[in-house]
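Reviewing the structure listed below.
The values are calculated or read from the model by the stated rules, or taken from the named source; none is laboratory data. Fair warning: this is a prediction, and the values are worked out from it, not measured in the lab. Neighbour counts are summed over all protein chains in view; Cβ atoms, including those assigned to glycine, are modelled from backbone coordinates with ideal geometry. SASA here: full protein model, heavy atoms, side chains in, ligands and nucleic acids out. Shrake-Rupley method; radii C 1.70, N 1.55, O 1.52, S 1.80 Å.
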Amino acid sequence: MAPTKKNPSKTDPYKSLKEEAWEANIEIPRRNLAIYTWGNVSAFDPDKGVFAIKPSGVAYDQLTPESMVLVDLEGQVVGGKLNPSSDTETHRVLYRNFSGIRGITHTHSPYAVAWAQARRSVPVYGTTHADHCAAEIPCTVIMDAQAVKNNYELETGNLIVAMFQKKKIDPLHSPMALVAGHGPFTWGKSAAQSVYHGAVLEEICKMAQLTLAIDPRAAALPEYIIRKHWERKHGPAAYYGQKK
Ligand SMILES: [Zn+2]
């Protein structure tokens, strides 16, 4: 009998993707973005067309890289023993429509949820917001009964995509959205960056709410200051931070 070469089961091509998803998921409780299991993160590999996502209903401290579930862009589970997050279809719709994103985070962080429940987009009140997003953080319309009946989680993704298309928002420039009556979805160039944006969004929503508590008629930041802050961090001549 010919000697076998390498045991294929030992070389998991999704090892790093699952580790990336796991690390990002355990960042959710560290940043106080969700209690219990109220949040999920996925990491996407566009070359393989597969994302790794949190298993449904498993506490963060019970998660391991191996427990992450692999799903393809057709919605088929292609790896893992557990059921994927109930929000998997929302993640799938966003990966299919927002090219260039490689990680998605969904939480129920309270300030972001409060704005979503009030069904309000978050105006750019200050430079903290402008540093990360050069426009208001958009909030969807409330989902209609038919869409809920059809496929709730998939239609949640469709609501976000339709809003970005209608308002002509570039998802790479505005990596955050609120789903009316529900909560925040954020994304990024990696799973870790999507969690970072989830934490940033929570702070922005908190600051906006405090601003309105002091002055309910507070004005949005002038466009020229918004531009300045966005450009110095993300523009072609960005100078924020250290040179690579
Ligand atoms: Zn949710």
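Cβ-Cβ distance below 8 Å, separation of 6 or more or different chains: which pairs start in region 20-42 with a residue that is under 12 Å from Ala192 (Cα atoms) and end on one that is within 16 Å of the ligand (Cβ to nearest atom) and modelled with pLDDT under 95?
Ile28/Ala34
Which of the following residues is under 19 Å from Ala114 (Cα atoms), open to solvent by 50 Å² or more (accessible area, probe 1.4 Å), away from the ligand (no atom under 16 Å from the Cβ) and charged (D, E, K, R): Lys166, Lys206? Write out each step before concluding.
Working: Lys166 fails: under 19 Å from Ala114 (Cα atoms).
Matching residue, one of Lys166, Lys206: Lys206.
Looking at (1) out of contact with any His (no Cβ under 6 Å at 6 or more places or on another chain); (2) away from the ligand (no atom under 16 Å from the Cβ); (3) not aliphatic (A, V, I, L, M), which is the only condition Gly198 fails?
Evaluating Gly198 over (1) out of contact with any His (no Cβ under 6 Å at 6 or more places or on another chain); (2) away from the ligand (no atom under 16 Å from the Cβ); (3) not aliphatic (A, V, I, L, M) leaves (2) as the failure.
Tell me the residue from Ala116, Ala112 that is within 16 Å of the ligand (Cβ to nearest atom), more than 20 Å from Ser16 (Cα to Cα), open to solvent by less than 40 Å² (accessible area, probe 1.4 Å) and out of contact with any helix residue (DSSP H, G or I) (no Cβ under 7 Å at 6 or more places or on another chain), please. Step through it out loud before you land on a result.
Details: Ala112 fails: out of contact with any helix residue (DSSP H, G or I) (no Cβ under 7 Å at 6 or more places or on another chain).
Being within 16 Å of the ligand (Cβ to nearest atom), more than 20 Å from Ser16 (Cα to Cα), open to solvent by less than 40 Å² (accessible area, probe 1.4 Å) and out of contact with any helix residue (DSSP H, G or I) (no Cβ under 7 Å at 6 or more places or on another chain) holds for just one of Ala116, Ala112, which is Ala116.
Pick from Ala213, Ala218: which is of a type in the set (A, V, I, L, M) and in a loop (DSSP other than H, G, I, E, B)?
Numbers: Ala213 fails: in a loop (DSSP other than H, G, I, E, B).
Ala218 is the lone residue from the list that is of a type in the set (A, V, I, L, M) and in a loop (DSSP other than H, G, I, E, B).
Just to be sure I understand, how many residues within region 112-157 are farther than 30 Å from Gln76 by Cβ and of a type in the set (D, E, K, R)?
Here the count works out to 4.
Being open to solvent by 10 Å² or more (accessible area, probe 1.4 Å) and in contact with a His (Cβ under 7 Å, 6 or more places away or on another chain): is that true of Asp131 here? I'd like the intermediate steps shown before the answer.
Working: open to solvent by 10 Å² or more (accessible area, probe 1.4 Å): yes; in contact with a His (Cβ under 7 Å, 6 or more places away or on another chain): yes.
For Asp131, the condition - open to solvent by 10 Å² or more (accessible area, probe 1.4 Å) and in contact with a His (Cβ under 7 Å, 6 or more places away or on another chain) - is met.
I'm trying to understand the selection: among the residues of region 33-48, which are surrounded by 14 or more Cβ atoms within 10 Å (Cβ to Cβ) and either away from the ligand (no atom under 13 Å from the Cβ) or within 16 Å of Leu17 (Cβ to Cβ) (or both)?
Asn40, Val41, Ser42, Ala43, Phe44, Asp45, Lys48
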